[in-house]
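Written out below as structure tokens is the structure these notes cover.
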Amino acid sequence: MNVLVGICSYYDTCDKACVLDRGHKFIKHKSFVFYAEADVVSADVLYKCVKEGVITYEGLFDEDLLPRICGGLLKSPFTRPRVKTFYRAMLSAKPTAKS
């Protein structure tokens, strides 16, 4: 399962849990992570959405953004409770040993 978030253009009353102005070629101006529409989807659904053009893959973002984006997910009052619950469960999950 994957947590998906959108990146939108900044405006005065937007969610300020994670404001971005760099970190990806896609980000050309001040933007924010749109946690209100964050969702949890399977890899299969994600692949299908990319294949059908519903989601456009724009490449990897700078590695230092991940902690900011993840931290904002828990900080934002707009993140859906089920998304926060899933993310917290992933944080507390112990890695399993491969046989």
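Every read-out reported here was derived from the displayed coordinates using simple, explicitly stated rules and does not represent laboratory data. These numbers were taken from a predicted model, which means no experiment stands behind them. In this analysis, Cβ positions are derived from the backbone assuming ideal geometry, glycine residues included, and neighbour counts consider all displayed protein chains.
Quick rundown of the values:
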{"read-out": "Relative counts (whole %) of C-alpha pair distances in the chain, using bins that are 5 Å wide", "value": "2, 12, 20, 22, 21, 14, 5, 2, 1, 0, 0"}
{"read-out": "Packing-based ranking, highest mean first, of 65-74, 11-20, 42-51 given that Cβ atoms within 10 Å are counted", "value": "65-74, 11-20, 42-51"}
{"read-out": "Length gained when the stretch Ser42-Val19 is fully extended (0.36 nm per residue, less Cα-Cα span)", "value": "5.6 nm"}
{"read-out": "Length gained when the stretch Glu52-Lys28 is fully extended (0.36 nm per residue, less Cα-Cα span)", "value": "6.1 nm"}
{"read-out": "Ellipticity estimate at 222 nm from DSSP helix runs (n ≥ 4, -39,500 (n - 2.57)) divided over the chain, nearest 500", "value": "-9500 deg cm²/dmol"}
